[in-house]
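Student: What follows is a single structure, and I will ask about it in a moment.
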Amino acid sequence: MQRANLNDLQAFLAVARERSFTKAAAVLGVSQSALSHTVRAFEARLGVRLLTRTTRSVAPTEAGERLLRTVGPRFEEIEAELEALGELREKPAGTIRITATDYAAETILWPGLAGLLRKYPDIKVEIAVDYGLSDIVAQRYDAGVRSGEQVAKDMIAVRIGPDVRMAVVAAPSYFRNRPAPQTPQDLVGHNCINLRLPTHGGLYAWEFEKGARELKVRVEGQLIFNTTAQMLTAALAGFGLAYVPEELAQPHILKGRLKRVLEDWCPPFTGYHLYYPSRRQSSAAFTLIVDALRYRG
């Protein structure tokens with residue numbers, strides 16, 4: 001295949017993965033118009049349409065999906081091998097992309113990586129805050145962070161944090177004119193602060209467990225956010241009950257800014273894990289990051 005065709009193939013793969021010419025152009029460092037022209041010329045040479053374009057979205061056709069599925073992984077393997085050549089350098093280097101929730105990024109990733117990054121200035125880390133449980137292979141992340149129960153079985157998972165408990169909290173002012181809930185079912189009558197999950201566009205169902213009983217409660221309220229930090233801020237302002245990590249709420253509980261309820265319904269669950277594809281060729285930089293984040297508690 002001619003070099004031009006290889007470049008055109010790379011352009012198509014970028015658009016197919018990102019589902020957007022704008023995002024793909026940013027990744028490749030070219031203009032959107034130039035990228036669109038390249039992909040159209042590639043389709044013309046092949047004699048088959050690879051992408052379905054609308055005013056709002058871009059999606060691969062059947063032929064495009066086949067090309068993405070068969071050729072895409074081979075390009076990733078080539079890129080991984082080229083990245084692995086960095087191990088031959090005197091110092092580990094390269095960019096590592098990780099997706100995580102804001103809480104995991106703030107309490108685990110950043111504290112674990114700060115010292116490493118000072119020691120190895122040629123290592124770069126991109127942390128993308130995302131509650132969408134992204135497909136890290138499709139989105140071209142090197143690794144993701146999820147609780148242990150959420151990691152797919154075909155991934156390598158490394159524990160990076162202790163068990164986590166959730167807490168249902170609200171400001172004392174919220175309870176002045178209403179009783180505190182005694183059971184999860186009582187939440188139906190309360191103003192609760194919701195979390196929007198981008199994966200399916202739905203609201204997160206609050207999870208509870210007591211003995212052999214497990215419950216998921218769909219709560220309602222005036223406010224919906226997409227990060228726990230925003231939920232905590234709203235709870236501190238007296239706007240309702242929030243379901244947040246215990247560690248995040250504990251300092252405010254101790255100072256009397258928040259009151260905790262339903263504590264006996266919130267047992268610990270498996271802590272956060274760093275996960276990545278089992279076939280990933282680990283670079284020296286990635287190996288150092290995994291070791292720095294590994295939980296040793």
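What follows is calculated from the coordinates using simple rules that are stated; it is not laboratory data. Not measured: the values here are computed from a predicted model. Here the Cβ positions follow ideal geometry from the backbone for every residue, glycine too, while neighbour counts run over all protein chains shown.
Student: Going by how many other beta carbons lie within 10 Å of each one, how would you line up Met166, Met155, fewest first?
Tutor: Starting with the residue having the fewest Cβ neighbours, the order is Met155, Met166.
Student: Now for a different question. Cα centroid distance between segment 64-84 and segment 161-185, in Å?
Tutor: Each part's Cα centre sits 48 Å from the other's.
Student: Non-local amide H neighbours of Asn191 (under 5 Å, H modeled in plane, Pro and chain starts lacking H): which ones?
Tutor: Leu241
Student: Of the beta bridges DSSP finds with both residues in the chain, what % are antiparallel, to the nearest 5?
Tutor: Given both bridge residues lie in the chain, the antiparallel proportion sits at roughly 70 percent.
Student: With loop defined by DSSP as not H, G, I, E or B, and exposure as at most 16 other Cβ atoms within 10 Å, which is the longest segment of the chain clear of exposed GluC sites (Glu not before Pro)?
Tutor: 91-219
Student: For Tyr243, Tyr276, Tyr295, which order do you get if you count the other beta carbons within 10 Å of each Cβ and list the fewest first? Please report the intermediate quantities before stating the final value.
Tutor: On the way: Tyr243 26, Tyr276 21, Tyr295 15.
Fewest-to-most Cβ neighbours within 10 Å comes out as Tyr295, Tyr276, Tyr243.
Student: Moving to a separate point now. Where a Cα-Cα gap under 26 Å defines reach, which lysines qualify for Lys216, not counting those fewer than 8 residues away within the same chain?
Tutor: Candidates past the 8-residue exclusion: Lys153, Lys259.
Student: I'd like the projected area of the chain, averaged over all directions, using the convex hull of its alpha carbons. Report it in nm² with one decimal.
Tutor: 19.4
Student: With +1 on each Lys and Arg Cβ and -1 on each Asp and Glu Cβ, how big is the dipole of segment 3-71 about its Cα centre, in debye rounded to the nearest 20?
Tutor: Approximately 60 debye in magnitude.
Student: If the cut-off is a Cα-Cα distance under 21 Å, which lysines reach Lys91, setting aside same-chain residues fewer than 8 apart in sequence?
Tutor: Of all the lysines, those that pass the test against Lys91 - Cα under 21 Å, at least 8 places apart if same chain - are Lys119, Lys124.
Student: Using the count of nearby Cβ atoms within 10 Å as a rough guide to exposure, how do Ile136, Ile127, Ile289 rank from fewest to most?
Tutor: Least to most surrounded, the residues fall as Ile127, Ile136, Ile289.
Student: I would also like to ask the following. Which value, in Å to one decimal place, does the Kirkwood hydrodynamic radius take for segment 166-265 when every pair of different Cα atoms is included?
Tutor: Numbers: mean 1/r = 0.0739 Å⁻¹.
In segment 166-265 this quantity evaluates to 13.5 Å.
Student: Sort segment 3-71 into rounded, prolate or oblate with this rule: let a ≥ b ≥ c be the square roots of the eigenvalues of the Cα gyration tensor; rounded if a/c is under 1.5, and if a/c is not under 1.5, prolate when a/b is larger than b/c, oblate otherwise.
Tutor: It is rounded, given that a/c, with a ≥ b ≥ c, falls under 1.5.
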